[in-house]
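The values are calculated or read from the model by the stated rules, or taken from the named source; none is laboratory data. Model, not experiment: these values are computed from the prediction. Every residue, glycine among them, receives a Cβ derived from its backbone with ideal geometry; neighbour counts consider all protein chains shown.
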Amino acid sequence: MQAQFSVSRGTWDRLERYVAILTAEMEHQNLIAESTRPQIWARHIVDSAQLLKWAEEAGEGSWVDLGSGAGLPGIIAAILSVRPLIMIESRRKRVEFLQSVIDDLGLTHARVFGGRVENMPGMSAAVISARAYAPLPKLFQSAVHLSTEKTLWVLPKGRNAENELEAVQSAWQGVFHVERSITDAESAIIIARAVKAKARKGRT
Ligand SMILES: C[S@@+](CC[C@H](N)C(=O)[O-])C[C@H]1O[C@@H](n2cnc3c(N)ncnc32)[C@H](O)[C@@H]1O
């Protein structure tokens, strides 16, 4: 990872510290699938870090991560970037964990909203990410009030990304494209801009 992303010593230390805290917390709550623990760097850290490249294309403003869970990709984005970052997570124990990581790593530009995405007050995010949070229709429906037409949506998806995207286009419009994931050749990242609900036909 150090070679792949050429990060500073301080950044590297924070990533290692995060992995240590996350692994320790696994004794108390199920934050990542147990089966993925041996490949935690490739499956979770690099998988999240690859999103930075796309997020850099966004204008100035906050990065909002929906359903952050263990802090993926939210905490990784906060370690690798100085962009203000808001993680939204509804489960109390996970919110407490995320806050403890922010405090421990001194990520002063990051914060957690403890609640449902739908209940987050409206805002104009520059970037919205969501990893394993919800299928596209629910994802857009729950978070469109956090976006403007300039918002860059960076959405890592499984092997079904193209089908999911096709299915959502009857109800949602936007400029969409699909990028390959570098951690799994069959997975993809949906990049979207100018997302908005399509006007329903037949209404006057
Ligand atoms: C499958 S986990 C994925 C967590 C993390 N993004 C990852 O990739 O490991 C989905 C997370 O989204 C949270 N979540 C689901 N629906 C939510 C909602 N409407 N608002 C806020 N958080 C939600 C869950 O509590 C859970 O922590």
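Taking the condition farther than 19 Å from ASP103 by Cβ, away from the ligand (no atom under 16 Å from the Cβ) and small (Gly, Ala, Ser), does GLY10 pass?
no
Select from the range 63-114 the residues that are at positive phi and either touching an Asp or Glu at 6+ places or on another chain (Cβ under 9 Å) or of a type in the set (Lys, Arg) (or both) and list them in ascending order.
Once the filter is applied, which keeps residues that are at positive phi and either touching an Asp or Glu at 6+ places or on another chain (Cβ under 9 Å) or of a type in the set (Lys, Arg) (or both), the range 63-114 yields GLY67, GLY69, GLY71.
What are the residues in the range 29-55 that are touching a residue at least 24 places away in the same chain (Cβ under 8 Å) and outside any helix (DSSP H, G or I), if any?
Matches in the range 29-55: GLN29, LEU31, ILE32, GLN50.
Among residues belonging to the range 50-68 that are surrounded by fewer than 24 Cβ atoms within 10 Å (Cβ to Cβ) and of a type in the set (Gly, Ala, Ser), point out the one that is nearest to the ligand (Cβ to nearest atom).
GLY67
Quick one: is ALA126 modelled with pLDDT of 95 or more and either of a type in the set (Lys, Arg) or closer than 30 Å to LYS93 by Cα (or both)?
yes
Filter the range 69-88 for residues that are touching a residue at least 40 places away in the same chain (Cβ under 8 Å) and either outside any loop (DSSP other than H, G, I, E, B) or among the polar types (S, T, N, Q) (or both) and give the result.
Within the range 69-88, GLY74, ILE75, ILE76, ALA77, ILE79, LEU80 meet the criteria.
Cβ-Cβ under 8 Å, sequence separation 6+ or interchain: first residue in the range 108-121 and closer than 14 Å to ARG92 by Cβ, partner within 15 Å of the ligand (Cβ to nearest atom) and of a type in the set (Ser, Thr, Tyr). Which pairs?
From the range 108-121, the pairs are VAL112/SER68; GLY114/SER90; GLY115/SER90; ARG116/SER90; ARG116/SER142.
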